[in-house]
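The values are calculated or read from the model by the stated rules, or taken from the named source; none is laboratory data. Note that this is a predicted model, so its numbers are computed, not measured. Positions of Cβ are backbone-derived with ideal geometry, glycine not excepted, and every protein chain shown enters the neighbour counts. With ligands, DNA and RNA removed, areas are computed over all heavy atoms of the protein, side chains included. Shrake-Rupley method; radii C 1.70, N 1.55, O 1.52, S 1.80 Å.
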Amino acid sequence: MTTETKNISEPENLLRGEEKYLDNALRPSKWDDYIGQTTIKENLKILLGAAKARGQTPEHILFYGPPGLGKTTLAHLLARENNSQLKVTSGPAIEKVGDLASLLTNLSAGDILFIDEIHRLNKLIEEILYPAMEAGNLNIIIGKGPSARTIQLDLPPFTLIAATTRIALLSSPLRSRFSGGTFRLEFYTTPEIETIIARSAAILGVIIEPNAITEIAKRSRSTPRIANHLLKRCRDFAQVNNTTINLETVMKTLRLLSIDEAGLSYSDRKIIETIIDKFAGGPVGLGTIGAATSEEEETIEEINEPYLIQLGFLERTPRGRLATQKAYDHMGKIKGPAKDTRPTSQRLL
Ligand code: ADE
């Protein structure tokens, strides 16, 4: 059985009722329905199978990678395959030591605790997690000053599954405690995304033509969450216009959503255009790009950059971000001579 704590992760909280229901309906509930990430799946099956054979709970697991690639989905799937109860929360939802203590003491033997966005967990709270993960102990300090004392509670055996889009922000003591493994989710291939779209369309009960599937897949940033989102928007467009999801429906829907042939959004294009037009293609620092585009640095780094790098449109160099020839070609721009960015005093006369 899968339950959610009320500290459900923020992005999911923002989903309206129907949208959330659909997202849950589209979530694969068996290994065979989970497309792609083959090596991770194989590793997890072994981890789960071996723990079961020993009569133990699986060791703690960390998933990382760009948003929308299926980290939460994998946690739900693991819980279901292991017949475990899943408690879902997120780093920013755990505000006080007491929040984590309450989550941990309410676990039953064999439960899985899923902490999304674990990189946003407060460092003081993180320290409570260490003994809980390592020895199944919860150390709580009662009182203040000289009369303060620590009491130690034994926790039932549980598995922590954590997810992050920013592995570099995790402290090494925390990282090292995921003894079951740390797994990086990769972008999906176009055929994998096509399979996911076809499966989702069948669950939603909508008719979709094969070339419409291919077109949505091409523009989904190699990301299942975006593929499902675009499918739902195309379904809405088809419904309002009394048609099926065909290539024309997809083209019109995506034009309305400002998503281009490579799957770039308005903000992706703005970032690339700014690097090319204002900084002669770079290299230019992330902070400068953020200021020039009015986008948050964190959003650029987490959402825009991974896909732009994956497409080969952007390079990260020690001196900053660089737009590639491919980016110029995509934006229909001509590369000019490299700009001399040295201070005037250092330039040769
Ligand atoms: N939804 C999100 N990730 C998925 C995957 N890998 N396979 C099928 N559906 C998904």
Which of Leu174, Phe114, Ala162, positive extreme of dipole for region 18-176 (C-beta unit charges) | Leu174
Region 37-184, Rg to Rh (Cα coordinates; Rh as Kirkwood inverse mean 1/r) | 0.97
With 0.36 nm assigned to each residue of separation and the Cα-Cα distance removed, Thr317 to Trp31 gains 99.1 nm
What value, in deg cm²/dmol to 500, does the helix sum -39500 (n - 2.57) over DSSP H runs of n ≥ 4 give at 222 nm once divided by the residues of the chain?
-> -13000 deg cm²/dmol
Relative to the Cα centre, what is the charge dipole magnitude of the chain, using +1 at the beta carbon of each Lys and Arg, -1 at the beta carbon of each Asp and Glu, and rounding to the nearest 20 debye?
-> 500
Determine the percent antiparallel among the DSSP beta bridges restricted to the chain, to the nearest 5.
-> 35
Residues whose modelled amide H sits under 5 Å from the amide H of Ile245, counting only those 5 or more places away in sequence or on another chain, are Ile207, Glu209
Considering only protein heavy atoms, what is the solvent-accessible area of Lys96 at a probe of 1.4 Å, reported in Å² to the nearest 10?
-> 120
Just Ile118, Ile197, Ile309 to compare: in a GNM of the chain, with alpha carbon springs under 10 Å, which one fluctuates most?
-> Ile309
Top mean-square fluctuation among Ala53, Ala135, Ala162, Gaussian network model of the chain, C-alpha springs under 10 Å?
-> Ala53
Carbon plus sulfur fraction of accessible area for the chain, probe 1.4 Å, in percent | 52
Based on the Cβ-Cβ distance from Gln85 to Ile309, what FRET efficiency comes out when R0 is 45 Å, to the nearest 0.05?
-> 0.75
Can you tell which of Arg316, Arg166, Arg177 shows the greatest fluctuation in a Gaussian network model of the chain with Cα springs below 10 Å?
-> Arg316
Would you mind checking which residues have amide H under 5 Å from Ala162's amide H? H placed 1.01 Å from N; only 5 or more apart, or other chain.
-> Ile61, Leu62, Phe63, Ile115
Of Leu311, Ile276, Leu286, which is farthest along the charge dipole of region 266-347 in the positive direction, counting Lys and Arg as +1 and Asp and Glu as -1 at C-beta?
-> Ile276
On the formula 1/(1 + (r/R0)^6), with r taken between the Cβ atoms of Leu155 and Asn241 and R0 of 56 Å, the FRET efficiency rounded to 0.05 is 0.50
Under the Karplus curve 6.51 cos²θ - 1.76 cosθ + 1.60, θ = phi - 60°, whole-Hz ³J(HN,Hα) for region 91-105, x wherever Gly or Pro sits | x, x, 6, 8, 8, 10, 3, x, 4, 5, 4, 5, 4, 5, 6
Across the alpha-carbon set of the chain, Rg over Rh with Rh taken as the Kirkwood radius works out to 1.03
Region 37-184 - charge dipole about Cα centre, Lys and Arg +1 at Cβ, Asp and Glu -1, debye rounded to 20 = 180
What number, in percent, do you get for the relative contact order of the chain if the mean sequence gap of Cα pairs under 8 Å and at least 6 apart is divided by its residue count?
-> 15
So for region 188-256, taking the charge dipole from beta-carbon charges (+1 Lys/Arg, -1 Asp/Glu), which of Pro191, Thr244, Ser220 sits furthest toward the positive end?
-> Ser220
Roughly how many Å² is the accessible area per residue of region 92-245, as a whole number, for a 1.4 Å probe?
-> 47
If r is the Cβ-Cβ distance from Ser147 to Val97 and R0 is 25 Å, what FRET efficiency results, to the nearest 0.05?
-> 0.85
Using a simple charge model, +1 on the beta-carbon of Lys and Arg, -1 on the beta-carbon of Asp and Glu, nothing else, what dipole does region 266-347 show about its Cα centre, in debye to the nearest 20?
-> 600
Centre separation in Å (Cα based) which lies between region 119-168 and region 256-285 | 42
